[in-house]
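All remarks here apply to the structure that follows.
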Amino acid sequence: MSDSVQKVRPFDHPGQGRRRAKSTPKGRQIDPQAAYEIGLLLGDRPRRRDMLIEHLHLVQDTYRQISAAHLAALADEMKLAFAEVFETATFYAHFDVVKEGEPDIPELTIRVCDSLTCAMFGAEKLLQELHSATGPSVRVVRAPCVGRCDTAPVAEVGHHFVDHASAASVLTAIGNGDTHAHLPDYIDYDAYVAQGGYALLARLRSGEIGKEELLKSLDDASLRGLGGAGFPTGRKWRAVLGEPGPRMMAINGDEGEPGTFKDRHFLETDPHRFLEGTLIGAHVVEANDVYIYIRDEYPASREILEREIAKLPPGGPVLHMRRGAGAYICGEESALLESIEGKRGLPRHKPPYPFQVGLFGLPTLINNVETLFWVRDIVERGAGWWKSHGRNERQGLRSYSVSGRVKNPGVKLAPAGITVRELIEEFCGGMADGHTFHAYLPGGASGGILPARMDDIPLDFGTLEKYGCFIGSAAVIILSDKDDVKGAALNLMRFFEDESCGQCTPCRVGTQKAALLMEQREWNRDLLEELSQAMRDASICGLGQAASNPLTSVIKYFPDEFAPKIAAE
């Protein structure tokens with residue numbers, strides 16, 4: 001090769017004869033205006049990972065939606081991957097994420113509850129009428145149970161609820177600009193203290209009453225978790241205390257079971273009785289931080305708690321408010337913890353259990369709102385007072401959320417073990433005019449459906465399981481001869497299909513396939529029962545495990561309605 005021929009080298013070292021190409025930024029670019037707006041919005045709020053859902057609420061409340069630009073800017077501000085922020089925002093129903101190129105969300109959103117009780121009282125008709133009566137500046141969407149079943153049907157205009165809603169009353173609320181939560185009358189801090197409130201907490205903190213004495217009162221009263229699981233409260237507190245510290249406490253106020261609204265009742269009438277129970281629990285298990293998780297559908301409850309917590313004297317644990325975002329699955333205790341940590345509400349595999357490895361990896365006491373509400377009364381009045389209220393060989397009090405075809409629905413504080421017939425006649429004024437008792441749900445959407453002829457079963461823990469049902473959160477929905485039991489079961493299955501977190505196949509696919517099969521004029525009993533068994537056996541959490549209870553109840557207890565479909569197979 002001659003010296004005049006230049007050698008061509010396949011790889012030049014940078015700086016040796018060739019200029020390096022200018023680098024091009026990879027990935028999603030941050031819009032400067034969006035970054036400025038997010039920075040201004042967050043202000044001096046912490047950028048910790050567990051604050052992600054709270055910050056998403058802040059963006060949603062301010063702009064009525066969450067744009068792709070704001071989402072990217074928020075991820076950058078919090079030093080999180082965009083994918084991580086995106087998957088969290090799109091997991092929750094109340095975050096309206098607008099992708100690039102999509103039109104903005106209308107200025108006002110109306111949510112119409114279409115869960116069972118509201119469906120019985122005309123939710124479908126209301127939806128159709130509102131779609132026809134509103135313009136492009138209003139968005140009308142379906143919503144799962146909003147916890148106001150006693151005033152069905154219900155529509156939510158912004159954050160204002162219209163009870164016994166009609167198209168006219170909803171349009172009136174819009175015309176009046178009524179889009180904010182209304183606070184009911186409640187017992188505030190001064191009134192509660194005047195009635196002896198926080199005296200028990202003071203005795204406990206001073207050592208006048210010991211932890212073991214207090215726990216013995218809970219044990220003697222046999223107080224159990226009133227959110228649905230029914231685990232003995234004293235035993236749970238001891239289990240957490242037995243784990244090495246530091247320890248945490250979390251309050252499950254994500255009351256999303258269709259038919260249930262008792263926790264909202266307690267928070268909106270006597271919030272400090274709940275708060276005192278919470279502070280007592282935190283003292284017993286030595287938790288320095290308490291996270292109170294309240295569902296997004298309860299704006300009045302959240303505002304009341306924020307106001308009243310601010311009035312508490314200094315000292316004791318730090319109370320952190322956390323706001324749900326429209327996900328029924330977050331009522332499951334481990335999904336609740338994930339949501340508090342700012343993540344998708346995906347149930348954790350167990351073991352370890354939350355009392356061992358819970359919030360932020362620490363031993364955590366998790367209690368329902370109503371469970372803590374009763375702590376003060378049981379300790380001050382004595383276990384004998386609590387146990388004296390039972391019926392039919394049961395003990396204690398239960399708050400039954402009653403809705404459906406009764407004259408006087410609502411939260412009914414009644415003896416544990418009362419029968420549905422006694423509940424209707426003694427506490428609800430009887431059946432609604434023109435309606436004959438036909439069927440009932442003893443424990444909300446997942447508690448099964450029983451016929452009216454089985455009206456003598458005590459409504460309490462351990463009394464319904466042999467019938468394929470359970471009391472759960474004591475949400476009692478009454479159906480009449482004018483209601484379609486099969487249609488009710490389908491409504492519930494669609495709810496479970498919509499609310500499945502999607503983590504496990506038996507629940508994600510099972511609820512979808514069950515709903516499709518139940519939509520058919522003729523039910524395939526063998527296939528539905530096989531599918532139900534697979535969901536019960538293999539689902540990760542209680543949602544999938546209990547979703548088929550209404551379905552199997554219809555097959556088992558309503559042969560007159562189901563038999564013609566069986567014969568046609």
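Place +1 on the Cβ of every Lys and Arg and -1 on the Cβ of every Asp and Glu in segment 173-212, take the dipole about the Cα centre, and give the residue among 191, 202, 173 whose Cα lies farthest towards its positive end.
Farthest towards the positive pole: 202.
Does segment 304-360 come out rounded, prolate or oblate by the C-alpha gyration tensor, with a ≥ b ≥ c the root eigenvalues, rounded set by a/c under 1.5 and, if not, prolate when a/b is larger than b/c and oblate if not?
oblate
First obtain the Kirkwood hydrodynamic radius of the chain from its Cα pairs, then insert it into the Stokes-Einstein equation at 4 °C and 1.567 mPa s, and state the resulting D in µm² per second as a whole number.
The Stokes-Einstein estimate is 51 µm²/s.
Can you divide the C-alpha Rg of segment 139-241 by 2.2 N^0.38 Å and report the result to two decimal places?
Scaled against compact globular proteins, the figure is 1.69.
Please figure out what share of the DSSP beta bridges in the chain is antiparallel and state it in percent, rounded to the nearest 5.
If we restrict to bridges inside the chain, about 40 percent are antiparallel.
So, with +1 on the Cβ of K and R and -1 on the Cβ of D and E, and no other charges, what is the size of the charge dipole of segment 178-298 about its Cα centre, to the nearest 20 debye?
My answer is approximately 620 debye.
Once you compute Rg and the Kirkwood Rh from C-alpha atoms, what is the Rg to Rh ratio for segment 28-80?
So for segment 28-80, dividing Rg by the Kirkwood Rh gives 0.91.
Calculated from DSSP H runs of 4 or more alone, at -39500 (n - 2.57) each and per residue, what is the 222 nm mean residue ellipticity of the chain, nearest 500? Please report the intermediate quantities before stating the final value.
Working: 24 runs with 225 residues, N = 569.
Roughly -11500 deg cm²/dmol at 222 nm, from the helical runs in the chain.
Can you tell me the accessible area per residue over segment 234-349, all protein chains present, probe 1.4 angstrom, in square angstrom?
Each residue of segment 234-349 exposes 28 Å² on average to a 1.4 Å probe.
Between 0 and 90 degrees, rounded to the nearest ten: what's the tilt of helix 68-77 against the longest Cα principal axis of the chain?
80
Taking the Cα centre as origin and putting +1 on Lys and Arg beta-carbons and -1 on Asp and Glu beta-carbons, what dipole magnitude results for the chain, to the nearest 20 debye?
It comes to approximately 1680 debye.
From the residues 472, 493, 432, which one has its Cα farthest along the dipole of segment 432-569 in the positive direction, the dipole being from +1 and -1 charges on Cβ of Lys/Arg and Asp/Glu about the Cα centre?
Result: 493.
Which one of 415, 557, 353 has its Cα pushed farthest toward the positive end of the charge dipole of the chain, where Lys and Arg give +1 and Asp and Glu give -1 at the Cβ?
Sorting the options by dipole projection puts first 353.
What nm distance separates the two modelled labels at residue 286 and residue 353, each placed 7 Å from Cα along Cα→Cβ?
So the label points at residue 286 and residue 353 sit 2.1 nm apart.
In straight Cα distance, which aspartates and glutamates are under 19 Å from residue 311, not counting same-chain residues fewer than 8 positions off?
Output for residue 311: 185, 188, 190, 268, 270, 276, 289, 303.
Rank-order 465-478, 33-46, 135-148 by packing density, defined as the average count of other C-beta atoms within 10 Å over each peptide's residues, highest first.
On the way: 465-478: 23.4, 33-46: 13.7, 135-148: 17.8.
Going from most to least packed, we get 465-478, 135-148, 33-46.
List the aspartates and glutamates whose Cα sits under 19 Å from the Cα of residue 125, skipping any in the same chain fewer than 8 residues away.
Partners within reach: 114, 150, 156, 163, 483, 484.
Which cross-chain or sequence-distant (5 or more) residues have an amide H under 5 Å from the amide H of residue 291, H modelled 1.01 Å from N in plane?
249, 250, 251, 320
Cβ neighbours within 10 Å, averaged per peptide: list 539-549, 389-399 in order, most packed at the top.
539-549, 389-399
Using only alpha carbons, build the gyration tensor for segment 250-289 and give me the equivalent ellipsoid semi-axes, biggest first, whole Å.
23, 13, 6
Taking square-rooted eigenvalues a ≥ b ≥ c of the alpha carbon gyration tensor, is segment 430-504 rounded, prolate or oblate, where a/c under 1.5 means rounded and, failing that, a/b exceeding b/c means prolate?
oblate
Please state the charge dipole magnitude for segment 112-160, taken about the Cα centre, from unit charges on C-beta atoms (+1 on K and R, -1 on D and E), reported in debye and rounded to the nearest 20.
The calculation lands at about 100 debye.
Return the long-range amide H neighbours of residue 187 (sequence gap of 5 or more, or a different chain), with a cut-off of under 5 Å between placed amide H atoms.
Counting only residues 5 or more places away or on other chains, the set is 270.
What pairs from 482/556; 262/387; 99/343; 211/466; 407/486 go past 27 Å between their alpha carbons?
In this structure, 211/466 lie more than 27 Å apart at Cα.
Between residue 182 and residue 63, what FRET efficiency comes out of the Förster formula 1/(1 + (r/R0)^6) with R0 = 22 Å and r the beta carbon distance, rounded to 0.05?
0.35
If you take the beta carbon distance between residue 108 and residue 388 as r and set R0 to 51 Å, what does 1/(1 + (r/R0)^6) give as a FRET efficiency, to the nearest 0.05?
Efficiency, from the Cβ-Cβ distance: 0.50.
Expressed as an acute angle from 0 to 90° and rounded to the nearest 10, what is the orientation of the C-alpha long axis of helix 82-91 relative to the principal long axis of the chain?
It is inclined by approximately 20 degrees.
Computing the accessible area with a 1.4 Å probe over protein heavy atoms, can you report the carbon and sulfur percentage for segment 484-534?
It is 43 percent, rounded to a whole number.
Go through segment 111-128 residue by residue and turn each phi into a ³J(HN,Hα) via Karplus (6.51, -1.76, 1.60, θ = phi - 60°); whole Hz please, and just put x for glycine and proline.
Per-residue couplings from phi come out as 9, 10, 5, 10, 6, 3, 5, 5, 4, 5, 9, x, 4, 5, 5, 4, 4, 4 Hz.
Mind ranking 497, 308 by accessible surface for me, highest first, 1.4 Å probe?
I get 497, 308, largest accessible area first.
Can you tell me which of 428-435, 84-91, 329-336, 169-176 comes out highest on packing, and rank the rest after it, using the mean Cβ neighbours within 10 Å?
Details: 428-435: 14.8, 84-91: 19.1, 329-336: 26.6, 169-176: 16.2.
Those peptides, ordered most packed to least, come out 329-336, 84-91, 169-176, 428-435.
The values are calculated or read from the model by the stated rules, or taken from the named source; none is laboratory data. If you're wondering where the values come from, they're calculated on a predicted model, not measured in any experiment. Counting neighbours? That spans all protein chains shown, and the Cβs are built from the backbone with ideal geometry, glycine included. All accessible areas refer to the heavy atoms of the entire protein, side chains included, with ligands and DNA or RNA removed. Shrake-Rupley method; radii C 1.70, N 1.55, O 1.52, S 1.80 Å.
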